[in-house]
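Here is the structure we will look at.
The values are calculated or read from the model by the stated rules, or taken from the named source; none is laboratory data. Keep in mind that this is a model prediction, so the values were computed, not measured. So basically every Cβ, Gly included, is an ideal-geometry build from the backbone, and we count neighbours across all protein chains shown. The protein model used for the area step is the full one, side chains on, heavy atoms only, and it has no ligands, DNA or RNA in it. Shrake-Rupley method; radii C 1.70, N 1.55, O 1.52, S 1.80 Å.
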Amino acid sequence: MPNKKGGKRTSGADLQPSAQTLAALGELALEWNCSRCDALERAVYHSKSSLAHAYHEAGHAVIALEFGLELKSIEITKVKCPHPSELPARLQLMVAGMIAQRKADVPEAYIAISGKLDQAKCEQVIAEDGLSKKQGIAAMESARKAVEDLFEKKYIWSAVRRVAARLFEFWEMSPMEAAKVFEEERTKVEE
Ligand SMILES: [Zn+2]
């Protein structure tokens, strides 16, 4: 999880990074030669982390909008919206964060951190739906493919980039503003 001193979004217990996350971040910091770095390098490192989170949540948010779901809130660590009732759409919405990160060339280590919870939730809903392991794997595969195709659409990816940029800078965005960005991009296509 990103941590911003003085930010109002860091007080919740759910935003505390787990030991595993800290270990993964430590590895990443080493990889990026960050453990011995100066303040400037650390700032770059942390901004990369924020950007990775911003793309993740922007991916969820824009796919939710594409599905016609009403966003309740959008923050750099969390998007709240209703769950689609159908399993394929639910899985697509859940994998959208990771796929947006991959398309944005976010390092895999970050994708693993942000996507861990989504992955677990996908497995949970697949199990709840009574799918076999094989069916579950196939369902995940087609969800990934469907979202990759959606992100290939110019208006969708443009909206993801704009929402991510906004989240990167301000750490949150009003649902109304995100919906406006999405509509603007979609309208450009129709013109
Ligand atoms: Zn996610």
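Take the residues in the stretch 36-58 that are touching a helix residue (DSSP H, G or I) at 6+ places or on another chain (Cβ under 6 Å) and open to solvent by 20 Å² or more (accessible area, probe 1.4 Å); name whichever of them is modelled with the highest pLDDT.
That would be Tyr55.
Got at least one residue in the stretch 75-89 being within 24 Å of Lys48 (Cα to Cα), assigned to a helix (DSSP H, G or I) and within 12 Å of the ligand (Cβ to nearest atom)?
No: zero hits.
Considering only residues that are free of Cβ contacts under 8 Å to residues at least 60 places away in the same chain and open to solvent by 30 Å² or more (accessible area, probe 1.4 Å), which ones fall in the stretch 59-68?
Phe67, Gly68
Return only the number of the condition from (1) more than 15 Å from the ligand (Cβ to nearest atom); (2) surrounded by 14 or more Cβ atoms within 10 Å (Cβ to Cβ) that Ser132 does not satisfy.
Of the numbered conditions (1) more than 15 Å from the ligand (Cβ to nearest atom); (2) surrounded by 14 or more Cβ atoms within 10 Å (Cβ to Cβ), the odd one out for Ser132 is (2).
Counting just the residues of the stretch 95-118 that are open to solvent by 20 Å² or more (accessible area, probe 1.4 Å) and closer than 20 Å to Glu128 by Cβ, which one comes out nearest to the ligand (Cβ to nearest atom)?
It comes out as Leu117.
One residue is enough: does the stretch 135-148 have a residue meeting the conditions open to solvent by 90 Å² or more (accessible area, probe 1.4 Å), within 14 Å of the ligand (Cβ to nearest atom) and more than 23 Å from Ala52 (Cβ to Cβ)?
No.
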